[in-house]
Amino acid sequence: MRYAKVYVNRNETSSQTVIVAPWEIPLLEFVHPRQDGVVVEGYVDRPEVEYPTDLDSEMERLHTVYRGAPNSKGETVSVVDEIYGAGRLGLRKLEEEIERAKADEAKAQKASRKAAAKNADVEKDPLAA
C-alpha cells in the first residue's frame with residue numbers, strides 16, 4: 001500500500017509530519033483548513049500492507065481517528081460524514097477514493113519501472129541517452 005507523507009501545520013507554533021492513507025488527506029484538510037494547513041510531501045510504499053477490503057471497518061476506523069470538529073455554529077459534526085457522506089453514500093465515496101489510491105500507486109510503480117529501465121540502458125551504453 002502506498003501512504004502519503006503529509007506535513008500538517010496546526011497553527012503558528014505546532015506542526016508535524018504524519019503518514020496517512022491517501023483518502024485521509026481530505027479529512028486532514030477539513031480539520032486544518034488554513035491554506036498551508038496540509039501539504040503532501042511525498043509517498044511511502046509499504047508493500048506488506050494491503051488496501052482495506054472491509055469498507056465498514058475502514059469507515060469505522062476513520063470515524064474513530066477523525067471524531068468530530070465544531071462547525072461555525074459550535075455544533076460538533078462528523079468530519080468523515082462531511083467529506084464522504086453518511087451511510088451507503090459514504091461507503092461508495094470511500095471505495096472510490098481507495099480505488100483511486102490503488103490506480104495512483106499502479107501509475108507510480110509503472111513510472112518507476114520505466115525510469116529504472118531507462119537508467120539501466122544508460123549504464124550499459126552512456127552514449128545512448
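A few notes on this one:
- Contact annotation: residue pairs with Cβ atoms under 8 Å, 6 or more positions apart or on different chains, pairing a residue in region 89-111 that is over 18 Å from Ser57 (Cα atoms) with a partner that is of a type in the set (Asp, Glu) and surrounded by 13 or more Cβ atoms within 10 Å (Cβ to Cβ), are Glu105/Asp45.
- Among the residues examined, Tyr84 does not qualify as touching a Leu at 6+ places or on another chain (Cβ under 6 Å), under 14 Å from Ala21 (Cα atoms) and either of a type outside the set (Val, Ile, Thr) or in contact (Cβ under 8 Å) with a residue 60 or more places away in the chain (or both).
- Some residue of region 90-107 being at negative phi and at pLDDT below 90: no
- Number of residues in region 13-33 that are in contact with a strand residue (DSSP E or B) (Cβ under 9 Å, 6 or more places away or on another chain) and part of a loop (DSSP other than H, G, I, E, B): the value is 2.
- Ser78 being crowded, with 16+ Cβ neighbours inside 10 Å, among the polar types (S, T, N, Q) and within 26 Å of Met1 (Cβ to Cβ): yes
- All positions within region 1-37 that are aliphatic (A, V, I, L, M) and either within 11 Å of the chain's Cα centre (by Cα) or within 24 Å of Ser112 (Cα to Cα) (or both): Met1, Ala4, Val6, Val18, Ile19, Val20, Ala21, Ile25, Leu27, Leu28
- Test: residue in region 44-63 that is part of a strand (DSSP E or B) and within 16 Å of the chain's Cα centre (by Cα): yes
- Given (1) in a loop (DSSP other than H, G, I, E, B); (2) modelled with pLDDT of 85 or more; (3) under 30 Å from Glu12 (Cα atoms); (4) of a type in the set (Asp, Glu), number of the condition Asp36 does not satisfy: (2)
- Of the candidates Tyr3, Tyr51, Tyr66, the single residue that is within 15 Å of Leu94 (Cα to Cα), surrounded by 16 or more Cβ atoms within 10 Å (Cβ to Cβ) and of a type in the set (Ser, Thr, Tyr) is Tyr66.
- Among the residues of region 69-80, those identified as more than 17 Å from the chain's Cα centre (by Cα) and at pLDDT 80 or above are Lys73, Gly74, Glu75, Thr76, Val77, Ser78.
- Filtered residues of region 11-34 (kept if under 21 Å from His63 (Cβ atoms) and charged (D, E, K, R)): Glu24, Glu29
The values are calculated or read from the model by the stated rules, or taken from the named source; none is laboratory data. Nothing here was measured: the structure is a model prediction, and the numbers come from that model. Cβ atoms come from the backbone with ideal geometry, glycine included; neighbour counts cover every protein chain shown.
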